[in-house]
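To start, the structure under review is shown below, and the notes come after it.
The values are calculated or read from the model by the stated rules, or taken from the named source; none is laboratory data. Predicted model only: the values in this text are computed from it and were never measured. So basically every Cβ, Gly included, is an ideal-geometry build from the backbone, and we count neighbours across all protein chains shown. Note: areas computed on protein heavy atoms with side chains; ligands, DNA, RNA excluded. Shrake-Rupley method; radii C 1.70, N 1.55, O 1.52, S 1.80 Å.
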Amino acid sequence: MAFEGLAQRLQGTIQKITGKGKISEADVKEMMREVRFALIEADVNLKVVKEFVKTVSERAIGQDVMKSLTPGQQVVKIVKDELTNLMGGEQNPIQFSRKPPTVIMMVGLQGAGKTTTTGKLATVLRKRHNKNPLLVAADVYRPAAIQQLETLGKQLTVPVFALGTDVSPVEIVRQALEEAEKEHHDVVIIDTAGRLHVDEELMQELKDIRELSKPEEVFLVVDAMTGQDAVNVAQSFDETVGVTGIVLTKLDGDTRGGAALSIRSVTGKPIKFVGMGEKMDALEPFHPERMASRILG
Ligand code: GDP
């Protein structure tokens, strides 16, 4: 399960405090010390941990909490509220443009799960939003990436626009937009190239595609299991290309949760979806409150 390690530690800490009839400032401090360790162990960004502990402590040590009938439960509620805030508060839905087609650009490093997520997103758009998406294969550096998208398209019966590897990505996107207009696709999802590392050439190409296609959404796909590396990648992509939302993949295998808990706070960008498995139906909207409940048990 996602967040397993963190959940276990926090639930142990919480049991101690909810078991007490009365709590003192020292109890809260002791609890927050344990929370701090648990978050650090989960690979949460240090600045984020510090802020979190400060905010929760300030709220928990107030007289109205300590003197209440159920102080332990109040403190737990504060922890839950602040975990929810940390992950962005409200669920953040896909934005559609008023004038179709809505363009969604998928960006990210190789192996993060970009192509898989493109297929999953097409499924979500069709099933939950009643849309008729067109997928665009704009990763011309890896013929296998184009094939992978075409295979997914066949499997899902979603059309894929591809022009092979000899046409520039910007030109592919230009023609894909014409095709979308002609065939009345209301959403266009562009699967862009990924590299092993953030590099200038890739960023320039993504900026060019962005300028041409004017996407409503630029989704950065990052692998949750890479922890703080995912957060750093998100920062670089946001500074250079600009992203509107984050898709955190492989959360099903992430026992720590450091990326999920840090990325919103560090980049200011919301996690819109999480990948929970390899199958095409394993993409879920990210609900901060539900995630916080899951962590706290
Ligand atoms: P790309 O290079 O970014 O396009 O990455 P791919 O889409 O090819 O994905 C790389 C690997 O990650 C594949 O084996 C996918 O099945 C796997 N993958 C993608 N998303 C998830 C996820 O949410 N959970 C799990 N467990 N595996 C995933």
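For Ile271, nonlocal amide neighbours, meaning residues 5 or more places apart or on other chains whose placed amide H falls under 5 Å from its own, are Ile246. Carbon-plus-sulfur accessible fraction, the chain (probe radius 1.4 Å, protein heavy atoms only): 48%. Ligands, DNA and RNA are left out, and with a 1.4 angstrom probe the accessible area of the chain is 47 Å² per residue.
Calculate the FRET efficiency for Ser236 and Gln110 from the Cβ-Cβ distance with a Förster distance of 22 Å, rounded to the nearest 0.05. Rounded to the nearest 0.05, the efficiency is 0.90.
Derived from the Cα gyration tensor, the three semi-axes of the equivalent ellipsoid of region 118-244 are 23, 17, 15 Å, largest first.
Working from Cα pairs under 8 Å separated by at least six residues, relative contact order for the chain is 27 percent.
Model label points for Met280 and Thr255, set 7 angstrom from Cα along the Cα-to-Cβ axis, are 3.3 nm apart. The equivalent ellipsoid that matches the C-alpha gyration tensor of region 103-163 spans semi-axes of 19, 13, 10 angstrom, in descending order. Per residue, the chain reaches -17000 deg cm²/dmol at 222 nm when only DSSP H runs of four or more residues are counted, each adding -39500 (n - 2.57). Segment Lys29..Tyr141, full-extension length gain: 34.9 nm, with 0.36 nm per residue of separation and the alpha-carbon distance subtracted. In the chain, the longest principal axis of the Cα atoms and the axis of helix 228-240 are about 50 degrees apart. On the beta carbon distance between Phe37 and His197, with R0 = 45 Å, the FRET formula returns roughly 0.90. In the chain, the alpha-carbon atoms span a convex hull of 123 Å³ per residue. FRET efficiency for the Lys54 to Lys182 pair, using the beta carbon distance and R₀ = 45 Å, is estimated at 0.20. Only Lys, Arg, Asp and Glu carry charge here, each on its Cβ (+1 for the first two, -1 for the last two); on that basis the chain has a dipole of about 1280 debye about its Cα centre.
Backbone phi angles across region 47-53, fed through the Karplus curve with coefficients 6.51, -1.76 and 1.60 (θ = phi - 60°), yield HN-Hα couplings of 5, 5, 4, 4, 4, 4, 4 Hz in residue order; Gly and Pro are listed as x.
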